[in-house]
Amino acid sequence: MKLKLVNIQKAKISTAAFVKAFCHHKLIELDATAVHTDLSIPDILSGLCSNSWIQGNLRRLILDSTSIPRDSRLLFFGQLTGLRVLSVFNVCFHSEDLAHVSQLPKLESLDISNTLVTNISALLTCKDRLRSLTMHYLKCLTMTKPQILAVIRELKCLLHLDISDHRQLRFDAAKFVMRWLCKHESPKMQAMAVSITSILALQLSPEQTAQLKEEVFMAVKELLAIVKQKTAENLDDVTLLFTLKALWNLTEQSPAACRHFIENQGLAIFIQVLETFSETAIQSKVLGLLNNVAEVRELFSKLITEDVVKHISSLLHSKELEVSYLAAGIIAHLTSDKQPWISCDLQRTALLQDLYATIQKWPSSSCKMTALVTYRSFKAFFPLLGNFSQPEVQLWALWAMYHVCSKNPSKYCKMLVEEEGLQLLCDIREHSEADPQAQQIAASIVDDFKMHFMNYQRPSLC
């Protein structure tokens, strides 16, 4: 037996048994999350370091919620010179320990969430190699927000940053990064600013995004300039993908950001993107943002142009389900209101027929596939669900809701109840003039996820 990967999560195992069973193997990964207190972190480190091969070759070590004796001082990670990934979430891990860990020559990913760290300045030691940093709920930090952000800014290789439980810090970080984005630094720094903006934009509430009015305006303008340049150069690199994703995230549930997009010639730029690139990853991000714009009723007329409708109609028939789904979402929102189509009602009717026919070709929304998209709210769907005069529009919204509920029922069933959308499904199911297929999907959502709904709602469902 030649073990490489060992998982002893929550196992009851003594130090002697751990050393005897595992420490003579050539381990490259160990997950000791919440292992029984009989085996402490100092014991784990001592056992691992008893093997010189492990010292230089162990790549990943997960010690989340693992115990440390009260009389322990420094944790000696220094001998694990091959370590690339370390997680000490919810551990008695101090600033002094961070100083030692930051000196590990190959460290790329670090999670110090819910630890006793008071100062993160030691991270500067690994600023040229750290690619992923998670540090939410650092309740003992004594640094000011500007000091924290100054350290983060110096982490030049950082691609992933999770400070999700720091609400105010998250807000300040987003404000800082959006301003930094507009400083026109080197391409490498620009790429980093774009990727961090993309990450942080998703972690801001709509209220926080609204408070960042000036920063969002500048960021949207700068991001569109990057997209325009990349498109002109026919360069579909990772920066373009991150930029499109950042714009998609910034405009989600943000009418102001959507208006900024329109005001800065975003539509013309995105049409050029669609005409230049045919990659699914690019098309889906363009369509994702246009979905956000289509959810803003006052901007409907801006999207109902010959160029936009032509491209969206074409992408509705894409072989890639994600692309077809997102194109369908734009059509559903735009055709849900007759008013902007007064002069071209025949075109609207044709789009609705095309939308209906396309949905019939899709697999069941509960089929075994990864989630096409994620949502932070269902509220933009509610006008579609109440639109009994256009069953095509209802069908798209119902297919989408059933799809995400089947992939993550705990999240989306709770969302449906909290946002009072469950009653809309019941209304469709009971409506005498509702489309039979719409009734069937609405009933399936209510019935298939009944146990989840009952966790959040005591009265009868329908």
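The values are calculated or read from the model by the stated rules, or taken from the named source; none is laboratory data. Given the structure is predicted, the values throughout are model-derived calculations rather than measurements. Note that each Cβ is placed from the backbone with ideal geometry, even for glycine, and that neighbours are counted across all protein chains shown.
Suppose we keep only residues that are modelled with pLDDT of 85 or more and assigned to a loop (DSSP other than H, G, I, E, B) within region 359-374. Which one would you say is surrounded by the fewest Cβ atoms within 10 Å (Cβ to Cβ)? Can you show your working first?
First pass over region 359-374, keeping only residues modelled with pLDDT of 85 or more: 359-363, 373-374.
Restricting the remaining residues to those that are assigned to a loop (DSSP other than H, G, I, E, B) gives 362-363, 373-374.
Working: Trp362: 15, Pro363: 10, Val373: 16, Thr374: 12.
Here the residue is Pro363.
So which residues in region 65-105 are within 17 Å of Ser46 (Cβ to Cβ), among the acidic types (Asp, Glu) and outside any loop (DSSP other than H, G, I, E, B), if there are any at all?
Once the filter is applied, which keeps residues that are within 17 Å of Ser46 (Cβ to Cβ), among the acidic types (Asp, Glu) and outside any loop (DSSP other than H, G, I, E, B), region 65-105 yields only Asp97.
Here's a check for you: in region 106-122, which residue that is touching a Ser or Thr at 6+ places or on another chain (Cβ under 6 Å) and not in a loop (DSSP other than H, G, I, E, B) is surrounded by the most Cβ atoms within 10 Å (Cβ to Cβ)? Before the answer, list the steps.
Narrowing region 106-122 to residues touching a Ser or Thr at 6+ places or on another chain (Cβ under 6 Å): 109, 111, 113, 117-119, 122.
Next, only the ones that are not in a loop (DSSP other than H, G, I, E, B) stay: 109, 111, 122.
Numbers: Ser109: 17, Asp111: 22, Ala122: 18.
Within region 106-122, the match that is surrounded by the most Cβ atoms within 10 Å (Cβ to Cβ) is Asp111.
Let's see how each residue does on (1) modelled with pLDDT of 85 or more; (2) of a type in the set (Gly, Ala, Ser); (3) more than 24 Å from Asn249 (Cα to Cα); (4) surrounded by 16 or more Cβ atoms within 10 Å (Cβ to Cβ):
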{"residue": "Leu326", "(1), (2), (3), (4)": "yes, no, no, yes"}
{"residue": "Gln339", "(1), (2), (3), (4)": "no, no, yes, no"}
{"residue": "Ile342", "(1), (2), (3), (4)": "no, no, yes, no"}
{"residue": "Ala357", "(1), (2), (3), (4)": "yes, yes, yes, no"}
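Residues in region 23-35: is at least one on the phi > 0 side of the Ramachandran plot and out of contact with any Pro (no Cβ under 8 Å at 6 or more places or on another chain)?
Our first condition is that a residue be on the phi > 0 side of the Ramachandran plot; within region 23-35, this holds for 34.
Adding the requirement that they be out of contact with any Pro (no Cβ under 8 Å at 6 or more places or on another chain) leaves 34.
The answer is yes, given that some residue of region 23-35 is on the phi > 0 side of the Ramachandran plot and out of contact with any Pro (no Cβ under 8 Å at 6 or more places or on another chain).
With the requirement that a residue be under 19 Å from Tyr137 (Cα atoms) and at pLDDT 90 or above, what does region 72-90 give you?
First pass over region 72-90, keeping only residues under 19 Å from Tyr137 (Cα atoms): 86-90.
Leu86, Ser87, Val88, Phe89 - these are the residues of region 72-90 that are under 19 Å from Tyr137 (Cα atoms) and at pLDDT 90 or above.
Test of understanding: among Glu430, Glu419, which residue is surrounded by fewer than 21 Cβ atoms within 10 Å (Cβ to Cβ), farther than 23 Å from Ile331 by Cα, in contact with a Phe, Trp or Tyr (Cβ under 7 Å, 6 or more places away or on another chain) and among the acidic types (Asp, Glu)?
Values: Glu430 fails: in contact with a Phe, Trp or Tyr (Cβ under 7 Å, 6 or more places away or on another chain).
Result: Glu419 is the single residue among Glu430, Glu419 that is surrounded by fewer than 21 Cβ atoms within 10 Å (Cβ to Cβ), farther than 23 Å from Ile331 by Cα, in contact with a Phe, Trp or Tyr (Cβ under 7 Å, 6 or more places away or on another chain) and among the acidic types (Asp, Glu).
Can you tell me how many residues within region 24-34 are assigned to a loop (DSSP other than H, G, I, E, B), modelled with pLDDT of 90 or more and within 34 Å of the chain's Cα centre (by Cα)?
Initial filter on region 24-34 (assigned to a loop (DSSP other than H, G, I, E, B)): 24-28, 32-34.
Then keep just the ones that are modelled with pLDDT of 90 or more; that gives 24-28, 32-33.
Restricting the remaining residues to those that are within 34 Å of the chain's Cα centre (by Cα) gives 27-28, 32-33.
Residues in region 24-34 being assigned to a loop (DSSP other than H, G, I, E, B), modelled with pLDDT of 90 or more and within 34 Å of the chain's Cα centre (by Cα): 4 in total.
Under the condition of being hydroxyl-bearing (Ser, Thr, Tyr) and loosely packed, with under 15 Cβ neighbours inside 10 Å, which residue from region 35-71 is modelled with the lowest pLDDT? Before the answer, list the steps.
Step one: of region 35-71, the residues hydroxyl-bearing (Ser, Thr, Tyr) are 37, 40, 46, 50, 52, 65-67.
Then keep just the ones that are loosely packed, with under 15 Cβ neighbours inside 10 Å; that gives 37, 50, 52.
On the way: Thr37: 83, Ser50: 94, Ser52: 94.
Within region 35-71, the match that is modelled with the lowest pLDDT is Thr37.
Among the hydrophobic types (A, V, I, L, M, F, W, C) and either within 25 Å of Thr276 (Cα to Cα) or without any contact (Cβ under 8 Å) to a residue 12 or more places away in the chain (or both): which single residue out of Ala191, Ala201 fits that description?
Working: Ala201 fails: either within 25 Å of Thr276 (Cα to Cα) or without any contact (Cβ under 8 Å) to a residue 12 or more places away in the chain (or both).
From the options Ala191, Ala201, the qualifying one is Ala191.
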